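Notes follow once the structure below has been shown.
The values are calculated or read from the model by the stated rules, or taken from the named source; none is laboratory data. Bear in mind that the values here come from a model prediction, so they are computed numbers and not experimental data. For neighbour counting, all protein chains shown are included, and Cβ atoms are generated from backbone atoms with ideal geometry for every residue, glycine included.
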Amino acid sequence: MVAKERRVAVVTGSSTGIGFETCLLFARSGIRTYATMRNLVKADIIKNIAEKEKLPLMVIQMDVDKDDSVVRAFKEICNDDKRGITIDILVNNAGFGLFGALEDQPIDDIKKQFETNLFGAIRTIQQVLPVMRNQRRGTIVNISSLAGYVGFPASSVYNSTKFALEGLSESLSYEIEPYGISVVLIEPGVINTNFVKNIIMPDNTLSISSYLFSSSSPPSESLTMAAASSSSSATIGSAKYSDNSKSNRESKYANVIEKFLSHYYPAMRNAPDPKEVAKVILESIEASVVSSRQGTNNNFFKYPVGEDAKLYADAKRKMSDSELHSFIAKRILS
Ligand SMILES: NC(=O)c1ccc[n+]([C@@H]2O[C@H](COP(=O)([O-])OP(=O)(O)OC[C@H]3O[C@@H](n4cnc5c(N)ncnc54)[C@H](OP(=O)(O)O)[C@@H]3O)[C@@H](O)[C@H]2O)c1
């Protein structure tokens, strides 16, 4: 087993939230940590903390949507350590949510959601596998969600990216087991990060969403986020929101969306801190390393995080498909 202070980790989407906290926890535990992010303008906070605490943490630019960015980042990481190329841990964390009714989603936005949440993880896994195979050890941690094992209304696209990530992880674990590599799925419920503010919605859902977001947020959480990339959708925190409620441009699914968001947004208020997720990620890696050392023949692990994630995981285990469907409809739509 490699001592913690000799281990190397790469984390995607480290500018905020779960990725940010995971990088700090890793580095404070002595793991040499590459905090990757797509926009280096956001690097100052983590860099300042690392400098002040003398942490083994380096910031590297990586946009997981882009082949060349991912390849270049891994090259930089592999050339950085004079002791030779090793990467013990990869955390695929970069992601965002595209919510709303499927019929309303522009296909380009759906592709963009898959580009980041699924293909982003595939790109980094393809880069890290040759390194992990050579060293015959490693842990790949994929940040899934409770939406990776239970379908929710108004979430079909986000749900499908996380279900896909779960299927990929489960299947991949068999291929890489002979090389001593483990796969961990982290399945958080609602966590208090910028995730909700960064959600993208179709244009015809924005007014409902912005209204419900504002009424469930503390006054300091004003609507200040940047407009989204596509012309037909925007982040819910965006100042650009059309007051099209009750017009014929309003979604035909407004009722379901409103019910879902009325349940979802307020949950953020008392949601766990991303530090809780970071702790579970670190524990899950220790457990996977111990398991692989003991030769238990198990290299695939799942960790729901938060009371909501545990409740739904339990419901999924114990209920039939139709019972689960009614359970979710009753909790969220009635
Ligand atoms: N918060 C929750 O309730 C929750 C629940 C379950 C699962 N998750 C999952 O947890 C992960 C982290 O989310 P979070 O809650 O920490 O939200 P967050 O604070 O919004 O963080 C998301 C991170 O992903 C980065 N990112 C987005 N697209 C990227 C790209 N193309 N390349 C590189 N980085 C990119 C963001 O960078 P920028 O700062 O540049 O935008 C940011 O650093 C996501 O995969 C999410 O699906 C979150």
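Which of the numbered conditions does ASN299 fail, given that it passes all the others? Conditions: (1) farther than 20 Å from ILE143 by Cβ; (2) away from the ligand (no atom under 16 Å from the Cβ).
Exception for ASN299: condition (1).
Within region 5-41, work out how many residues are among the charged types (D, E, K, R) and under 15 Å from THR124 (Cβ atoms). Break it down into steps so the answer makes sense when it comes.
Taking region 5-41 and keeping what is among the charged types (D, E, K, R), we get 5-7, 21, 28, 32, 38.
Filter once more, so that each one left must be under 15 Å from THR124 (Cβ atoms): 38.
Total meeting the criteria: 1.
If you scan region 70-88, which residues turn out to be within 16 Å of the ligand (Cβ to nearest atom) and touching a Ser or Thr at 6+ places or on another chain (Cβ under 8 Å)? Outline the logic, then answer.
Taking region 70-88 and keeping what is within 16 Å of the ligand (Cβ to nearest atom), we get 70-74, 76-77.
Within region 70-88, VAL70, ALA73, PHE74 qualify.
Out of the residues in region 311-329 that are among the charged types (D, E, K, R) and without any contact (Cβ under 8 Å) to a residue 60 or more places away in the chain, which is farthest from GLY138 (Cα to Cα)? Let's see the steps before the verdict.
Residues of region 311-329 among the charged types (D, E, K, R): 314, 316-318, 321, 323.
Now restrict to residues that are without any contact (Cβ under 8 Å) to a residue 60 or more places away in the chain: 314, 317-318, 321, 323.
Values: ASP314: 29, ARG317: 29, LYS318: 33, ASP321: 35, GLU323: 39 Å.
My answer is GLU323.
Listed residues ALA329, ALA315; which is closer than 20 Å to GLY189 by Cα and surrounded by 15 or more Cβ atoms within 10 Å (Cβ to Cβ)? Step through it out loud before you land on a result.
Details: ALA329 fails: surrounded by 15 or more Cβ atoms within 10 Å (Cβ to Cβ).
Answer to the selection: ALA315.
Filter region 89-124 down to the residues that are in a helix (DSSP H, G or I) and among the aliphatic types (A, V, I, L, M), then identify the one that is nearest to the ligand (Cβ to nearest atom).
Only one residue fits best here, namely ALA121.
Among residues belonging to region 266-290 that are at pLDDT below 95 and more than 11 Å from the ligand (Cβ to nearest atom), point out the one that is farthest from ALA147 (Cα to Cα).
Start the filter on region 266-290 by keeping residues that are at pLDDT below 95, which leaves 266-270, 286-290.
Still in the running and more than 11 Å from the ligand (Cβ to nearest atom): 266, 269-270, 286-290.
On the way: PRO266: 17, ARG269: 19, ASN270: 19, GLU286: 25, ALA287: 24, SER288: 23, VAL289: 27, VAL290: 28 Å.
Among those that are at pLDDT below 95 and more than 11 Å from the ligand (Cβ to nearest atom), it is VAL290.
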